[in-house]
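The values are calculated or read from the model by the stated rules, or taken from the named source; none is laboratory data. As the structure is a prediction and not an experimental result, all values here were calculated from the model. For neighbour counting, all protein chains shown are included, and Cβ atoms are generated from backbone atoms with ideal geometry for every residue, glycine included.
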Amino acid sequence: MKLFFAIVALTAHLVAMSVNIDKKPLQTMTNKSYETATLGAGCFWCVEAIFSKLKGVYKVESGYSGGKIANPTYREVSSGLTGHAEVVQVTFDPNEISYAKILEVFFKTHNPTTLNRQGADVGTQYRSVVFYHSAEQQKVAAEVKSMLDSKGIWNDRIVTEIVPFEKFYKAEDYHQDYFSNNKRQPYCQMVIVPKLNKFEEAFKEYLKE
């Protein structure tokens with residue numbers, strides 16, 4: 001189903017490449033010390049839309065990580081045969097938002113207890129995964145996962161993988177800023193909008209103005 005919406009989006013992108021509906025650009029990057037978080041939480045359209053709204057986040061890119069072939073296409077990843085997960089690569093200022101807070105948002109805006117699935121999106125490409133970029137990120141990810149598990153927020157145990165980052169392949173252009181550019185698409189209205197509403201209510205003090 002999601003592949004169908006992707007094909008529709010690609011067609012629209014080619015027809016009107018320059019159109020952005022109510023799009024708010026991310027803050028301008030300066031010569032600060034930034035960190036990177038690479039996260040998989042199901043469909044990257046949803047995850048990108050969420051993290052783009054956080055204070056301290058300066059860039060969010062949709063792409064693929066954790067697979068066994070170089071430069072995979074969306075169609076190849078969607079087959080489930082390449083081993084990649086749909087991910088977002090988040091560039092953030094740790095002086096404005098901590099990696100622990102990034103992870104809290106990550107865990108609480110998807111279901112980290114379902115293996116290789118988020119809602120109707122099923123397959124290893126939709127697995128819940130944290131790709132850590134340093135030993136410190138690995139430590140923080142394990143701590144946040146353990147802390148949330150102990151709180152019993154979900155009925156089942158968290159199955160999120162915490163694995164070392166190797167390579168990020170940026171997804172095709174029509175996947176970038178997908179929600180901003182396709183707000184009227186059925187998938188956006190039925191899946192992304194409800195997630196965004198819950199996120200904005202839960203993390204209102206961390207939203208960009």
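Among (1) out of contact with any strand residue (DSSP E or B) (no Cβ under 8 Å at 6 or more places or on another chain); (2) in contact (Cβ under 8 Å) with a residue 24 or more places away in the chain; (3) over 15 Å from residue 206 (Cα atoms), there is one condition residue 68 misses while meeting the rest; what is its number?
Every listed condition holds for residue 68 apart from (2).
Starting from region 109-133, take each residue that is on the phi > 0 side of the Ramachandran plot and list its partners that are among the charged types (D, E, K, R), counting only C-beta distances under 7 angstrom and pairs at least six apart or across chains.
116/127
If you go through region 95-114 one residue at a time, do you hit one that is under 14 Å from the mean Cα position of the chain (by Cα), within 24 Å of residue 149 (Cβ to Cβ) and basic (Lys, Arg)? Don't jump to the end; show me each part of the working.
Here is the first cut: in region 95-114, the ones under 14 Å from the mean Cα position of the chain (by Cα) are 102-112.
Those still in the list that are within 24 Å of residue 149 (Cβ to Cβ) too: 102-112.
Retained after the next criterion (residues that are basic (Lys, Arg)): 108.
Checked region 95-114: at least one residue is under 14 Å from the mean Cα position of the chain (by Cα), within 24 Å of residue 149 (Cβ to Cβ) and basic (Lys, Arg).
Which one of the conditions (1) of a type in the set (Val, Ile, Thr); (2) part of a loop (DSSP other than H, G, I, E, B); (3) surrounded by 13 or more Cβ atoms within 10 Å (Cβ to Cβ); (4) at pLDDT below 95 does residue 8 fail to meet, given that it meets all the rest?
Evaluating residue 8 over (1) of a type in the set (Val, Ile, Thr); (2) part of a loop (DSSP other than H, G, I, E, B); (3) surrounded by 13 or more Cβ atoms within 10 Å (Cβ to Cβ); (4) at pLDDT below 95 leaves (2) as the failure.
Yes/no per residue for (1) among the aliphatic types (A, V, I, L, M); (2) touching a strand residue (DSSP E or B) at 6+ places or on another chain (Cβ under 7 Å); (3) buried (at least 22 other Cβ atoms within 10 Å of the Cβ); (4) over 18 Å from residue 175 (Cα atoms):
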{"position": "105", "(1), (2), (3), (4)": "yes, yes, yes, yes"}
{"position": "117", "(1), (2), (3), (4)": "no, no, no, yes"}
{"position": "125", "(1), (2), (3), (4)": "no, yes, yes, no"}
{"position": "138", "(1), (2), (3), (4)": "no, yes, no, yes"}
{"position": "142", "(1), (2), (3), (4)": "yes, yes, no, yes"}
{"position": "149", "(1), (2), (3), (4)": "no, no, no, yes"}
{"position": "156", "(1), (2), (3), (4)": "no, no, no, yes"}
